[in-house]
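The values are calculated or read from the model by the stated rules, or taken from the named source; none is laboratory data. Just so we're clear, the structure is a prediction, and the values are computed from it rather than from any experiment. Glycine gets a Cβ as well: all are built from the backbone with ideal geometry, and neighbour counts include every protein chain shown. These accessible areas exclude ligands, DNA and RNA; they are computed on the full protein's heavy atoms, side chains included. Shrake-Rupley method; radii C 1.70, N 1.55, O 1.52, S 1.80 Å.
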Amino acid sequence: KGPAVNNTLGGSVAPPIVRPEIPTNIEIGFKGGFFGNRLRADVTVFDTVSKDFQAQTAVIVNSLTQFVFANASELKFQGVQANLSIRPAQGLNFNLGALYNEATYGDFIVQCNAPFLTGCTSSQGATTINARGRQLAGAPKLKVTLGGSYERSIGNNMMAFLDASAVYRSDTNTSATPDPNLVIDAYTLVDGRLGIKTDDGRISVSL
């Protein structure tokens, strides 16, 4: 990403010129199918370093909270991503996906947004804290998906089907500031569908 200009200044938190972001990415992985593609696997290990990572952060200017861009010295992504799909029988499919991602800030000065935070310092009229070592805002360390589907013919050019899935996300920061009130706790979403459809898939009804 090229450089940027802030239209609002926030002391040491928001510089007038945001430096360009330069990433270096290394990946090694494997993709393959086995047993007539009844089993497919995709695994990737990655290590990425973004120098002068451009991040959005909140500052208080003239008693108003505004969002500005600033540079973290770097952002490190390290982890593994895996996907597995299995088709044990005609019409029956299972899939599993997992992502483990340590995405941590280097030196990154952000404004303290709560009076009870420890480690805050005052500089250039702003109270700030270094977010170094914190997980990237919006990025859970662990995400797991599990799903399955089954369909079979019921005659008259119609198919019956059943889908089910679950998604798990670990705790997620919504801000680089170490405020526990801005953390989304881990959660799991589960959903399912039962229905019928035409053989060509053009019309379906499900609950």
Practice problem: Along Cα→Cβ, 7 Å out, is where each label goes; now give me the distance between the ones at Thr198 and Ser73 in nm to one decimal. | Solution: 6.3 nm
Quiz item: Percent of accessible area on the chain owned by carbon and sulfur, 1.4 Å probe?
Solution: 58 percent
Quiz item: How far, in nm, would the chain grow between Leu142 and Phe34 when pulled straight, counting 0.36 nm per residue and subtracting the alpha carbon separation?
Solution: 36.2 nm
Quiz item: When ligands, DNA and RNA are left out and all protein chains stay put, how many square angstrom of accessible area per residue does the chain have with a 1.4 Å probe?
Solution: 62 Å²
Quiz item: How much length is gained on full extension from Thr48 to Ile154, taking 0.36 nm per residue of separation minus their Cα-Cα distance?
Solution: 33.2 nm
Exercise. List the trypsin sites (Lys or Arg not before Pro) within the stretch 158-207 that fall in a DSSP loop (any state other than H, G, I, E or B) and whose Cβ has at most 16 other Cβ atoms within 10 Å.
Key: Arg202
Quiz item: Hey, of (1) 1.27; (2) 1.40; (3) 1.10, which did the structure itself give for Cα Rg over 2.2 N^0.38 Å when calculated?
Solution: (2)
Quiz item: What is the calculated FRET efficiency for Val190 to Tyr100, with r their C-beta to C-beta distance and R₀ = 30 Å, to the nearest 0.05?
Solution: 0.90
Exercise. Work out, step by step, the length gained on full extension between Asn83 and Leu182: first 0.36 nm times the residue separation, then minus their alpha carbon distance; give nm to one decimal.
Key: 32.6 nm
